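The values are calculated or read from the model by the stated rules, or taken from the named source; none is laboratory data. This structure is a prediction, so every number in the text was calculated from the model and none was measured. Positions of Cβ are generated from backbone atoms using ideal geometry, with glycine treated the same way; all protein chains shown enter the neighbour counts. Note: areas computed on protein heavy atoms with side chains; ligands, DNA, RNA excluded. Shrake-Rupley method; radii C 1.70, N 1.55, O 1.52, S 1.80 Å.
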Amino acid sequence: MFKKFNPLAVIPLYNHSGTIEHIVSGSLPYCKEIMIVDDGSTDSGIRDMEKLPVNIIRFKKNKGKGAAIIAAAEWAAENKFTHIITIDADGQHYPYDIPKLLKAAEDSPNSIIIGKRKFENPDIPAASKFGRKFSGFWAKVQTGKKIIDMQSGYRVYPLSVFDKFKIYTRRFTFEVEIIIKALWAGFKVEEVEVDVHYPDKKKRISHFKFFADNARISILNTYLTIRAMIPFPHRKYIENKEGKIISQNPFKAVAEQMKNENNPFHLAVSAAWGSFWGALALPGVRAFILMVGVGWFNLNRAVAFSVDKLAMPPFIPFVCIEVGYYLRHGKFLTEISWQIIGTQFLQRVWEWILGSLIVAPVFALLVGSIVYIAGKIMRIGARKLL
């Protein structure tokens, strides 16, 4: 089973002396321990916190919100916590929503929980509403998943998410990058509705730099979108019987499902569905269709998403290009040169797409048949043992 749920509240702080004491005092009734990460503040906010029962990490210079969260997560892991719940220091989050987020995290301990802010209030800045829709749009493009409030800093992270993939950004963009890469890696993201407070514009303290941070967001979304389109699979993780997150081996995952399911045909269809969309040359789209089909047809999720890895480059795309080249020219591609793979790159892409229309169904039939036969053999062997 998952080890005992033990969350740490984390408050990244940067020149919020007017609100930090209110946030900390409001959070103490709901959190056993609180960590404040002072991100190079130049006001008196952190000094006022020394009288309260909180842990403090201090940066001499401002490193960014992402760097503060990562530092807190490392400290939490060293001190046997299982999760961190992040709360912004500017006063927009209400501490009384902490139990709601922690309950969702305890019910689904390997999921990231996002506090989805209520934006029905007319006082919500138009820029915030636009930013939320903008981030949600790109999240859908990059992952196929609908995340309404990608920009909310009110979150619960399982500590297991921090060591499964590389996070490059360290400022506001961190909160976008970690969600997208967590979804790619197989983690679930859930949203829980929370209240939000936006003070008058004159009283509002924001460290968002319009040009610099918008440029960072644009660069990050460009990178994430291009990566989503590249037909090289992301490393996937699954939850084992003990509730631990482990790297997913496609062969082991399918074999495990064969032991647990009595319907080889259902497993075969699931395997065929995953291998078909894995081999089809539709970068950025196929993962979404694969996911929708698994739910719509009630297929075995573990099998479908495991065999998808079998179509990883370079073998299957190479076969697709060879088949596409043959369909166009009546012969197979045997020459490898700069002209073939460089100046004629777009032709190779077209041949990859064309060839995948033939290879994908054949590959799906082959994988599905193997899984079906293997499943039948395992069922027969199991009956003989009884």
Dipole of region 41-146, positive end: most advanced residue of Ala126, Gly66, Leu52 [Cβ charges, Cα centre]: Ala126
Can you tell me how much longer the chain between Asn6 and Glu335 gets when fully stretched, taken as 0.36 nm per residue apart minus their C-alpha distance, in nm with one decimal? 112.5 nm
Set the Förster radius R0 to 22 Å, insert the Cβ-Cβ distance between Phe134 and Ile219 as r into 1/(1 + (r/R0)^6), and round the FRET efficiency to 0.05. 0.90
Kindly list the residues of region 272-313 that lie in the label zone of Arg227, defined by a backbone N under 15 Å from the point 7 Å along the Cα-to-C-beta vector. 284
Would you mind calculating the gained length between Ala127 and Lys61 on full extension (0.36 nm times residue separation, minus the Cα-Cα distance), in nm to one decimal? 20.9 nm
Calculate the spin-label point distance for Glu120 paired with Val141, positioning each point 7 Å from the Cα along the beta-carbon direction, and give it in nanometres. 3.1
Would you mind checking which residues have amide H under 5 Å from His83's amide H? H placed 1.01 Å from N; only 5 or more apart, or other chain. Asn6, Leu8, Leu159
Coil-residue trypsin sites (Lys or Arg not before Pro) of region 11-103, DSSP, other Cβ within 10 Å capped at 15: Lys32, Lys51, Lys60, Lys61, Lys80
Of all GluC sites (Glu not before Pro) in region 1-92, which ones are in loop regions per DSSP and have a Cβ with at most 16 other Cβ atoms within 10 Å? Glu33, Glu50
Would you mind computing Rg(Cα) / (2.2 N^0.38 Å) for region 1-144, counting N as its residues? 1.11
Out of Gln142, Gln339, Gln257, any idea which swings most in a Gaussian network model of the chain, alpha carbons joined below 10 Å? Gln339
In a Gaussian network model over the chain where Cα atoms closer than 10 Å are linked, find which of Leu282, Leu52, Leu220 has the largest mean-square fluctuation. Leu52
How much of the DSSP beta bridge set in the chain is antiparallel, as a percent to the nearest 5? 30
Looking only at Ala302, Ala360, Ala374, which one moves most when the chain is put into a Gaussian network model with springs between Cα atoms under 10 Å? Ala374
Whole-Hz Karplus ³J(HN,Hα) for region 143-152, in order, using 6.51 cos²θ - 1.76 cosθ + 1.60 and θ = phi - 60°, x for Gly and Pro? 10, x, 9, 8, 10, 6, 10, 5, 8, 5
With every protein chain in place, what's the accessible area of Phe172 (1.4 Å probe, Å², nearest 10)? 80
Under the rule rounded for a/c under 1.5, else prolate if a/b exceeds b/c, else oblate, using alpha carbon gyration tensor axes a ≥ b ≥ c, region 23-70 is classed as oblate
How long is the gain from Phe265 to Ile353 if the chain were fully straight, where each residue apart is worth 0.36 nm and the alpha carbon distance is subtracted? 28.8 nm
Could you sort Ser108, Ser152 by accessible area so the largest value comes first, with the probe set to 1.4 Å? Ser108, Ser152
Checked region 81-163 with the C-alpha gyration tensor, a ≥ b ≥ c its square-rooted eigenvalues, rounded below a/c of 1.5, otherwise prolate if a/b is larger than b/c and oblate if not; verdict oblate
If every Lys and Arg gets +1 and every Asp and Glu gets -1 at its Cβ, then about the Cα centre the chain yields a dipole, in debye to the nearest 20, of 660
Isotropically averaged projected area of region 296-343, using the convex hull of Cα atoms (one quarter of hull area), nm²: 5.2
Residue-normalised accessible area of the chain, expressed per residue, 1.4 Å probe, Å²: 53
Low-density loop chymotrypsin sites (Phe, Trp or Tyr not before Pro), region 306-380, at most 11 other Cβ within 10 Å, DSSP non-H/G/I/E/B, are Phe332
What is the calculated FRET efficiency for Glu190 to Met378, with r their C-beta to C-beta distance and R₀ = 35 Å, to the nearest 0.05? 0.50
Given Lys51/Lys100; Lys4/Lys145; Lys63/Lys166, which pairs have Cα atoms separated by over 20 Å? Lys51/Lys100; Lys4/Lys145
Kirkwood Rh over alpha-carbon pairs of the chain, then Stokes-Einstein at 20 °C and 1.002 mPa s: what D in µm² s⁻¹, rounded to an integer? 92
Taking a 1.4 Å probe, which of Val141, Val359 shows the most accessible area, and what order do the others take after it? Val141, Val359
With the charge dipole of region 1-149 built from beta-carbon charges (+1 for Lys and Arg, -1 for Asp and Glu) about the Cα centre, the Cα from Ser17, Ile36, Gln142 projecting farthest to the positive end belongs to Gln142
